[in-house]
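Right, one structure below, let's go through it.
Here, each number is a calculation from the coordinates, and none is a lab measurement. Because the structure is predicted, anything quoted here is derived from the model rather than measured. Backbone-built Cβ (ideal geometry, glycine too); neighbour counts: all protein chains shown.
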Amino acid sequence: MSTPDADYSGYPPPRPYMSVEELLAAKNTQPIRSLDDLAADTFESDEELEEFLAFTYAERRRDVA
């Protein structure tokens with residue numbers, strides 16, 4: 001018995017080779033001109049940021065002992 005996926009190897013088909021410049025042009029990216037380009041309002045308050053940092057530091061130290 002044959003299935004429609006009989007020829008499927010489990011790997012995605014190979015993509016055509018593209019240079020970094022071609023990939024950047026295809027996504028219409030622009031160079032970073034200042035730190036303001038990287039700014040994001042991820043946290044709604046200073047308290048939320050502090051909670052995140054406390055959690056992150058605790059997780060980093062968790063397996064050290």
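Label-to-label distance for K27 and D63 is 2.9 nm, based on points extended 7 Å past Cα in the beta-carbon direction.
Among the listed options [x] 2.24; [y] 2.12; [z] 2.20, the one matching Cα Rg over 2.2 N^0.38 Å as calculated from these coordinates is [y].
Across region 10-16, computed HN-Hα scalar couplings (Karplus, 6.51 cos²θ - 1.76 cosθ + 1.60, θ = phi - 60°) run x, 10, x, x, x, 8, x Hz from first to last residue, x flagging Gly and Pro.
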